[in-house]
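Input: a single structure, listed below in structure tokens.
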Amino acid sequence: MTSPRILLIVSGGIAAYKSLELVRLLKRDGIAVRAVLTKAGAEFVTPLSLGALTEDHVYSDMFDLKDEREIGHIQLSRQADLVVICPASADILAKMAAGMADDLATTILLATDKPVFVVPAMNVRMWDHAATRRNIRQLISDGIIVMEPDEGDMACGEWGKGRLPDPEAIAGEIRRLLGSARDDVITMPPARLLADSSGPLSGKHVLVTAGPTHEPIDPVRYIANRSSGKQGFAIARAAAEAGARVTLVSGPVDQPTPRGVTRIDVQTAREMLSAVESALPADAAIMVAAVADWRVEQAAGQKLKKDGSGAPAPLSLTENPDILATLAISAQRPKLLVGFAAETEHVVEHAQAKLARKGCDMIVANDVSGGVMGGERNRVHLVSADRVESWDEAAKEIVADRLIARISDRLQDQA
């Protein structure tokens, strides 16, 4: 498996020195880093120091013919899994919002087909200026992922929002966006990402779970469900497009992270519960994941072997935590709690019983006896205490858009 790769663009600003610590943290986690240094950025950090830490050439000149022949700005823009601008000055944000391409960094940003993650840093008055706010809204609308700056003392002596977040927090968000979060950071609260202020879920935090969980039997076997994660990821995408700040807690699936979504990868049900609780508070929680109901009480340290008797291995099973029911009684219970019910018979009846038993507000029920799990289409029933809506079969993306529209309406009614 190849290491995840990022292209780091360092623009001008006193916080540029923190990019060196960010590179060190990412390299420690096995993430390959290639750097682009703007002309203004080079006033604060040197190509020598950045190159020593990345162990690679540092690119800065659009018209360096040697570099253009051997690597080129198009290749630079597309050979990484994620493009990161840290720090992102007010100047480079303005150029990105306007679609300018007047140097190597902005040309790369216009040519890339990869997700772009921006970490702004600037004086508080520059951050609060109407032009910067307008540029941020445009970038979010364009699908750029923007991390909210910290609040505190500035190098200029003023106090307010505009400080570059701690490099460890930035590195954690990069790991999540790459889908390579370490086990020891799984309980760290996700960084605050800015969302579209014009959408119906603007200012709301939506928590989504997706995919299966894998419960180990021994080092090579596990108990799991057949979920592909497609419906949960589609819902996370729809929520982000509606302006929400979205945290997606995902079991092991091969799905790309939707733009603007903070992703936390987990393996087991207990890990998923821990990540969900750490992500609270949330305005809405949509529990789409197909969590394994049972786990082996004590997973074997070595591969279990047949003993020749024909008897099955003695597996003692215990129930996994019920994430949906736990959230329903939590002191930080979301205003709107939505569960999913994958059934093979009596779909609506089982969903209605689950709604009452779990203490949630809505259940999305579907018949999975066909090819729904892993497929592209779904037919669901939206079950609440006073009604049942049966939707026609549709692509999972369309089901997601419809569900987020209903959730937006419910949250607005509760306001």
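The values are calculated or read from the model by the stated rules, or taken from the named source; none is laboratory data. For clarity, every value in this text was computed on a predicted model and none was experimentally measured. Note that we place each Cβ from the backbone using ideal geometry, even for glycine, and neighbour counts take in every protein chain shown.
Every residue in region 90-139 that is among the small types (G, A, S) and either at pLDDT 95 or above or assigned to a helix (DSSP H, G or I) (or both), please. Once the filter is applied, which keeps residues that are among the small types (G, A, S) and either at pLDDT 95 or above or assigned to a helix (DSSP H, G or I) (or both), region 90-139 yields A90, A94, A97, A98, G99, A105, A111, A121, A130, A131. Among the residues of region 362-374, the ones that are touching a helix residue (DSSP H, G or I) at 6+ places or on another chain (Cβ under 8 Å) and either in a helix (DSSP H, G or I) or closer than 18 Å to W391 by Cβ (or both) come to 6 in all.
Just give me the residues in region 14-50 being among the aromatic types (F, W, Y) and part of a helix (DSSP H, G or I), in sequence order.
First, the residues of region 14-50 that are among the aromatic types (F, W, Y): 17, 44.
Across region 14-50, the qualifying residue is only Y17.
Inspect all residues belonging to region 257-270 and state whether any of them is within 21 Å of I329 (Cα to Cα), more than 14 Å from the chain's Cα centre (by Cα), buried (at least 23 other Cβ atoms within 10 Å of the Cβ) and not polar (S, T, N, Q). I'd like the intermediate steps shown before the answer.
Within region 257-270, the first condition is being within 21 Å of I329 (Cα to Cα), and the residues that meet it are 269-270.
With more than 14 Å from the chain's Cα centre (by Cα) added as a condition, the list becomes 269-270.
Then drop every residue that is not buried (at least 23 other Cβ atoms within 10 Å of the Cβ), which leaves 269.
Adding the requirement that they be not polar (S, T, N, Q) leaves 269.
There is at least one residue in region 257-270 that is within 21 Å of I329 (Cα to Cα), more than 14 Å from the chain's Cα centre (by Cα), buried (at least 23 other Cβ atoms within 10 Å of the Cβ) and not polar (S, T, N, Q).
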